[in-house]
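Working notes, structure below.
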Amino acid sequence: MTLIIANLFVILAAGWLFRKFGIVEEGSEKVFNQYLYYLALPALTIVKIADTPLAGIGWKFLAANSVPLLAVMALVWALWKAGALDWRFARLLVITSVLGNTVYLGFPVAAMRLGESVIGYAAISASLQNVVVFTFGFLIMSLICDEACPPARLLRMLGRNVVLWSSVAGLVLAASGRALPELLHRVLNDIGRTTLPLSLFTIGVSLYGKKVAHNLPRIAAVSGFKLLLLPLFSLAAAGAMGFTGLLSRVTFVETVMPVAVMNFVVAREFDFDPDLVSQSILVSTLAFFPLLYFYDLAMSAFL
């Protein structure tokens, strides 16, 4: 695990240093993100899912990728209902506590810890969690409102969720038993290979210059729900179902990822506090690396 964390950290640090010393200019991460989000990640997702056997995926895998998320979101709703959270922060917390960086960071960590052969299952896991967040999560969010709330633009966001739709395409191919044409498979596979190092490098570039303002209690709450409470619920659900083995570990790795950059898009769409969200992304990402040791111990002990 130390080698894996060192590997992750070195690539992230390279991105941060390249930005600090001007080797890559301000705004370069936007170009990298466009390439990753609209080309490399979909290519990797389609190829890996299409090449992944679906026979081992059963109801336990589906439940492990949905029940813990639903439990955390229900808890946030209950805390708002009890008056412990104001409605604006509760709406934000419903999404940020469960929408993790399952792709940019989840795929590399899963590949390094469990082997590149699991990326197909990681992509399916990420897709299932996206479905839960963008359906039940937004439904629960819409129930949390004390005043006139901004209109939902969920359909527009779903339409732009390229990773979700590439997952669907991969699943259709896998279920049909049809193989991609050899040339297309080679092209997509070669493009997909650039995803893992570039995604880590891009995260490092994007972390440069980020600062934490006077939002520490709320940042701590968001990070705590995402990095501590959700993993605990995930382990509890797996234990209750007797869900162990490789698929349970893939699910757990995807579940423990820090707050996703996609949350910033959600914040802008639904009138959340974008500064709080961006600060939560930074803090939860930095806190994630030392916590990896404990996540690994938990996987070894319970999964």
Fill in: Added length on full extension, which subtracts the Cα-Cα distance from 0.36 nm per residue, Leu297 to Arg186
36.3 nm
Worksheet entry | Rounded D (µm²/s) - the stretch 5-161, Kirkwood Rh over Cα pairs, Stokes-Einstein at 37 °C, 0.692 mPa s | 182 µm²/s
Response to the item:
Any lysines whose Cα falls less than 18 Å from that of Lys30, other than same-chain ones fewer than 8 residues away, would be Lys20, Lys210
Item to complete: Give, in nm to one decimal, the length gained when the segment between Ala6 and Val162 is fully stretched (0.36 nm per residue of separation minus the Cα-Cα distance).
Response: 53.1 nm
Discussion item. Under a crude label model (7 Å from the Cα following the beta-carbon direction), how far is Leu216 from Leu54 in nanometres?
Written reply: 5.0 nm
Fill in: Helical mean residue ellipticity (222 nm; -39500 (n - 2.57) per DSSP H run of 4+; nearest 500) of the chain
-21500 deg cm²/dmol
Practice prompt. Can you spot the lysines whose alpha carbon is less than 21 Å from Lys81's alpha carbon? Ignore those fewer than 8 places along the same chain.
Written response: Lys226
Response to the item:
Rounded to one decimal in nm, the spacing of the 7 Å Cα→Cβ label points at Arg193 and Ala240 is 4.4 nm
Worksheet item: What ranking, highest mean first, results for peptides 182-189, 64-71, 288-295 when packing means the other Cβ atoms within 10 Å averaged over each residue?
Response: 64-71, 288-295, 182-189
Worksheet item: Sorted from fewest to most neighbouring beta carbons within 10 Å, what does the list Arg193, Arg88 look like?
Response: Arg193, Arg88
Worksheet entry | Relative packing of peptides 217-224, 174-181 - highest average C-beta neighbours within 10 Å first | 217-224, 174-181
Practice prompt. Indicate the helices, whole DSSP H runs only, in the chain that combine a mean Kyte-Doolittle hydropathy of 0.0 or more with a Cα extent along their long axis of 30 angstrom or more.
Written response: 274-302
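Each reported figure results from applying straightforward, stated rules to the coordinates on display, with no laboratory input. Because the structure is predicted, anything quoted here is derived from the model rather than measured. Glycine gets a Cβ as well: all are built from the backbone with ideal geometry, and neighbour counts include every protein chain shown.
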